[in-house]
Structures are given as structure tokens and as C-alpha cells.
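A short worksheet on the structure shown next.
The values are calculated or read from the model by the stated rules, or taken from the named source; none is laboratory data. None of these values were measured; they are calculated from a predicted model. Cβ sites come from the backbone with ideal geometry, for glycine too, and all protein chains shown count toward neighbours. Calculation scope for accessible area: heavy atoms of the full protein, side chains included, ligands and nucleic acids excluded. Shrake-Rupley method; radii C 1.70, N 1.55, O 1.52, S 1.80 Å.
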Amino acid sequence: MFKTLSRRHFLAGSTAAAGALGLGSRAAFAADPLKVGFVYVGPIGDFGWTHGHDVGRKAVEKEFGDKVETTYVESVPEADSERVIRQLAAAGNKLIFTTSFGYMNPTIKVAKQFPDVKFEHATGFKTAPNVSAYNARFYEGRAVIGTIAGHLTETGKFGYIASFPIPEVVMGTNAFILAARKVRPDAEISVVWVNSWFDPGKEADAAKVLIDQGCDVITQHTDSAAPIQTAGARGVWCFGQASDMSSFAPEHHATAILDVWAPYYIARTAAVLDGTWQTTNVWQGMKEGMVEMSPYNERLPAEVVEAAETVRKGILDGSHHAFTGPINDQTGKERVPAGVTMTDEALLTMDWYVEGVTA
């Protein structure tokens, strides 16, 4: 059984007050808040992916006050998400955010059954008349941390703790090593798949294995802080995922890729409230503020921070793209010619690794 928690910000006794003033049930109904539901793949205390989304949910509450009531269901397995999404729709939520790739098909299915409900699905690609999709260009942050890793490594070996082999994760792995090899051309990255978004035990074990294999920089595309704790305890540089995880390894957390969902959640909630909501499919990054970097560790050499900032600022002004050729795949075959930048369509369907990836 999954625990559903709510945050209600409306005046207690508003219905009774309306009746006392002779306004009747219509006035009371008009004061009812918009119910907004969130479905999370992990716990809000993961300090990573789900934590980032819950920060956005709280921002919605703060922005709209009495006008909105939010509910979330945490730790929902993707295989069980259809039931949970349907329950939220049946409970009167008129806007529902489903925040994991594996929720895509269940969201589409439930949306057909509730045409008056607006659905927003994170990281997927399918839409419908009442379903929008939204995603962040996480690979931009990977280019920044890959640059840092290239400067920090002594062994030239990086460890990558990965969730599932979907394009988003493959893309992130490739962006990291492409950036690192611009600094350290012989660098290699080893990938360990844990087949879960949130499994602290498996993530910690994967970090230990990678460090034992000689990896002196650890990064991840999983949601718990376990890899950060493990790397920090072993004196290995590491990078946080989705949220600032520096508190778990203050000496060795170099920086983190931050997912900033609040502006999007506020904008889409406002669109439902004012009747302007329309189906959209957006993929936003640093330029739009959906991806940011957490503060750099004070122990990083000035030249390393400067190199990272050069990449970050290049992404912002459009002069740098992580996937501009020449790019070869694992076999050495050229996939992207020199000077050519991969299209969004090619990135969103990426199912091959670049040189330097061991997976």
C-alpha cells in the first residue's frame, strides 16, 4: 500500500461561512480549490529526483494559496502507476503530473477515460488532447560535470551508476564522456545498471564496485544519495543527481545537476486555472532555467571551475552543444561528422554509445 499525503491551503469553514452569509452552495462551490495531483516514482526524501519534483509542488502551493490543493503519492512502481493515476483522477484532481518515464503509457490510457482532466507527463514523448509532455535537457549538465571530471581524474576511469537503458540515460552517459575526453582523450567510463530509479543498496554496491575497479570519479543517473555517500567515504569525487547532494559528501561533492520544475508547474497550474491550458510538448534546459548547476565545491581548483563555467556559459549563449561532431560510436564508426550537431529527434531516440563507454 502506498501512502498518499495532502497539503491543503484553504480557509477552514468556508462553506459554512458562505451559508451564513446567504450565498448558498454555488458560492461555496466557486471557492473550491483546483485539485492537483502528483505521482512520484521514489520517496520525497530521496534528496534527488523526487525531492526536486516535490520542491516544485510546494512552490505551486505557495504561489496559489487557497486556489489550489495538492496531493502526492510517493514510491509508486511504474508497473502499478495506472491504478494510482486513475485513483487521483477519480478523486477529483483536475491536473495530474506523472513524473517518471515509465508512467507514460499508463497516463495516456487513464487520460482517455477522464477527458475533463489535464495530465502532464515528465520525460516521455506521447501526448493527447488532454496530455502534455515535458522534459529537461539533463545532458547539458552532464557536459559541465564531464568537463570537471576530465580535469579531476588521475586514473582516467569514471564510474556511472545507471537506472534503465532508455535514451535519456544513454544520452547522459554519452554527454559526460564526450565532455571528459575533450580534456582527457584516453578517458573511459564504466556503466553499472541497477535496473531501478531508487535502490540505495544497489546504488551503493555499484559505487563500491566501480571504485574498486579504479574509477576515481563517480556519477549517477539514479535518485538516492547512496552513491554520493559511498564516494565521499572513499575519498572519491562525485556529482549529485537532480538535487544538491553536497551535505552527503561535503569534501567530495563537486557539484550537482539541478532539475528546476517549479516555474513549469506554476505556469501549467495557472493555465488550468485561467482556462488557457493546451497540449504542449516541451524540452527545456539551461537557457530556460529548467536545468542549473549547484554551487561548485570550494576545493575545486580555480582553473577547473573556469573550464566548467566556459561550457555552461557556452550552452546558455548557444555557442556550445554537447553533441556537435565529430562523434564516433563504440566501434570507432563516425556517427556525427565534424561541425554537425545532432537533432533533438536523434537525441531523443539515442540507442548507441560513443567512444570511451564500457557498458
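Below is a table of values for the structure above.
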| read-out | value |
| --- | --- |
| Condition check for Ala59: at pLDDT 95 or above, of a type in the set (Gly, Ala, Ser) and under 30 Å from Ala162 (Cα atoms) | yes |
| Lone unmet requirement of (1) over 17 Å from the mean Cα position of the chain (by Cα); (2) within 30 Å of Glu298 (Cα to Cα); (3) among the basic types (Lys, Arg) for Lys118 | (2) |
| Within region 204-242, tally of residues that are hydroxyl-bearing (Ser, Thr, Tyr), farther than 19 Å from Leu300 by Cβ and within 18 Å of the chain's Cα centre (by Cα) | 2 |
| Pairs where the first residue, in region 287-304, is under 15 Å from Ser243 (Cα atoms) and the second is of a type in the set (Lys, Arg), C-beta under 8 Å, 6+ apart | Met290/Arg137; Val291/Arg137; Met293/Arg312 |
| Answer residue from region 85-96, given it is open to solvent by 30 Å² or more (accessible area, probe 1.4 Å) and part of a helix (DSSP H, G or I) and is farthest from Pro43 (Cα to Cα) among those | Ala90 |
| Pairs with Cβ under 6 Å, 6+ apart, first in region 345-359 and farther than 18 Å from Lys182 by Cβ, second part of a helix (DSSP H, G or I) | Leu347/Met171; Leu348/Pro167; Thr349/Pro167; Met350/Pro167; Met350/Val170; Met350/Met171 |
| Residue, farthest from Ile108 (Cα to Cα), within region 57-83, restricted to residues that are surrounded by fewer than 22 Cβ atoms within 10 Å (Cβ to Cβ) and small (Gly, Ala, Ser) | Gly65 |
| Lone qualifier among Ile177, Ile96, Ile145 - being in contact with an Asp or Glu (Cβ under 8 Å, 6 or more places away or on another chain) and within 17 Å of Ile257 (Cα to Cα) | Ile177 |
| Pair list, Cβ under 7 Å, 6 or more apart: region 71-96 residue touching a residue at least 60 places away in the same chain (Cβ under 8 Å) and closer than 21 Å to Val60 by Cα, other residue part of a helix (DSSP H, G or I) and open to solvent by 40 Å² or more (accessible area, probe 1.4 Å) | Glu74/Ile44 |
| Cross-chain or 6+ apart pairs with Cβ under 6 Å, region 236-248 first and polar (S, T, N, Q), then open to solvent by less than 10 Å² (accessible area, probe 1.4 Å) | Gln241/Gly48; Gln241/Gln220; Ser243/Gly48; Ser243/Gly52; Ser246/His253 |
| Residue match in region 321-335 (condition: touching a residue at least 40 places away in the same chain (Cβ under 8 Å), open to solvent by 70 Å² or more (accessible area, probe 1.4 Å) and farther than 30 Å from Arg57 by Cα) | no |
| Tally, over region 247-263, of residues that are under 20 Å from Lys35 (Cβ atoms) and surrounded by fewer than 21 Cβ atoms within 10 Å (Cβ to Cβ) | 1 |
| Test result for Glu120, assigned by TED's automatic domain parsing to the domain that holds Arg83 and surrounded by 23 or more Cβ atoms within 10 Å (Cβ to Cβ) | yes |
| Scope region 336-359; condition in a helix (DSSP H, G or I) and either open to solvent by less than 70 Å² (accessible area, probe 1.4 Å) or touching a Lys or Arg at 6+ places or on another chain (Cβ under 7 Å) (or both); matching residues | Asp344, Ala346, Leu347 |
| Whichever residue in region 67-84 is out of contact with any Pro (no Cβ under 6 Å at 6 or more places or on another chain) and assigned to a helix (DSSP H, G or I) and, among such residues, is farthest from Asp223 (Cα to Cα) | Arg83 |
| Condition met for Asp244 (within 30 Å of Leu34 (Cβ to Cβ) and in a loop (DSSP other than H, G, I, E, B)) | no |
| Qualifying positions in region 125-138 - under 16 Å from the mean Cα position of the chain (by Cα) and either under 21 Å from Glu303 (Cβ atoms) or open to solvent by less than 10 Å² (accessible area, probe 1.4 Å) (or both) | Ala133, Tyr134, Ala136 |
| Search result, residues across region 97-112 that are among the small types (Gly, Ala, Ser) and buried (at least 21 other Cβ atoms within 10 Å of the Cβ) | Ser100, Ala111 |
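Yes/no matrix, rows are residues, columns are (1) within 28 Å of Ser100 (Cβ to Cβ); (2) in the same structural domain as His321 (by TED's automatic domain parsing); (3) open to solvent by 10 Å² or more (accessible area, probe 1.4 Å); (4) in contact with a Gly (Cβ under 6 Å, 6 or more places away or on another chain):
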| position | (1), (2), (3), (4) |
| --- | --- |
| Thr173 | yes, yes, no, no |
| Leu178 | yes, yes, yes, no |
| Arg181 | no, yes, yes, yes |
| Ala187 | no, yes, no, yes |
| Trp193 | yes, yes, yes, no |
| Ser196 | yes, yes, yes, no |
| Asp205 | yes, yes, yes, no |
| Gln213 | no, yes, yes, no |
